[in-house]
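A short reminder: the numbers here are calculations on the coordinates, not readings from a lab. Since we're looking at a predicted model, the values are computed, not measured. Cβ sites come from the backbone with ideal geometry, for glycine too, and all protein chains shown count toward neighbours.
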Amino acid sequence: MLDQTQDLPRRLRNAFGCFASGVTVVTLRDGQGAPTGITVNSFSSLSLDPALLLFSVGREQVSARWLQSGEAFNVNILCRDQEPLAWQFARPHKDKFDGVAAWEACNGVPVLDGALAHFVCRKHAIHDGGDHLIVVGEILDFAERDGDPLLFHRGRMCDLAVTA
Ligand SMILES: Cc1cc2nc3c(=O)[nH]c(=O)nc-3n(C[C@H](O)[C@H](O)[C@H](O)COP(=O)(O)O)c2cc1C
């Protein structure tokens, strides 16, 4: 049994934070059809055939509501220069797309300019994940380009150390 006496969520978050990940922004549309998005590092590839990906979103996040009610979203993998975007989409804001360059994919949802890769998705399934929802997306289209990824480790953004 886990020791619940000493701030378990904080200790668990710290331990999870030892896992270095990339950083994505999941773009979607809110209930009024306005573009919005959420910074997510729980992204994972899932299946090649059919082409599926997954990420988890906190049940209390505003975006969780739009992911449950809507059908379309895109996953944008950020490159090392896009740290400001990661923080912009990680804060509550009325217009998260303020000053953000993007174009509209075939599912009607924006893709961020300059992303290292993007996946255009249709909602495939949402599963229970405790205080999070596990969102599975069917990949309708995708593209990638050259470049270095933005990374997240122990609560900080970083990039790949280049060794000779
Ligand atoms: C690097 C990073 C990764 C994050 N990953 C997730 C995640 O995987 N799932 C999640 O629900 N929130 C994640 N967050 C927190 C959300 O981005 C943040 O709470 C955001 O403001 C939620 O937006 P919303 O309230 O518009 O839904 C992450 C934040 C950062 C900085």
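Annotations for the structure displayed:
- Positive-end residue, the chain charge dipole about Cα centroid, Cβ charges, pick of 108, 153, 12: 12
- One chain, two ends: residue 59 and residue 128. Fully extended at 0.36 nm per residue, the span grows by 23.9 nm beyond their Cα-Cα distance.
- Here the Debye sum runs over all C-alpha atoms of the range 104-164 as equal scatterers in vacuum, and log10 of I(q)/I(0) at q = 0.16 Å⁻¹ comes out as -0.79.
- One decimal place: the segment residue 87-residue 16 gains 23.6 nm when fully extended, by the rule 0.36 nm per residue minus the C-alpha distance.
- From largest to smallest, the equivalent ellipsoid semi-axes obtained for the range 23-153 from the alpha-carbon gyration tensor read 19, 17, 15 Å.
- Most tightly packed first, judged by the mean number of other beta-carbon atoms within 10 Å of their residues, the peptides 144-150, 113-119 read 113-119, 144-150.
- The dipole here belongs to the chain: it is taken about the Cα centre, uses +1 on the Cβ of Lys and Arg and -1 on the Cβ of Asp and Glu, and is about 480 debye.
- Over the range 79-126, equivalent-ellipsoid semi-axes from the Cα gyration tensor in Å: 20, 14, 12
- Inter-probe distance in nm under a simple model that places probes 7 Å from Cα toward Cβ, at residue 156 and residue 45: 2.9 nm
- Each peptide in 131-141, 6-16, 83-93, 34-44 receives the mean, over its residues, of other Cβ atoms within 10 Å, and ordering these scores from highest gives 34-44, 131-141, 83-93, 6-16.
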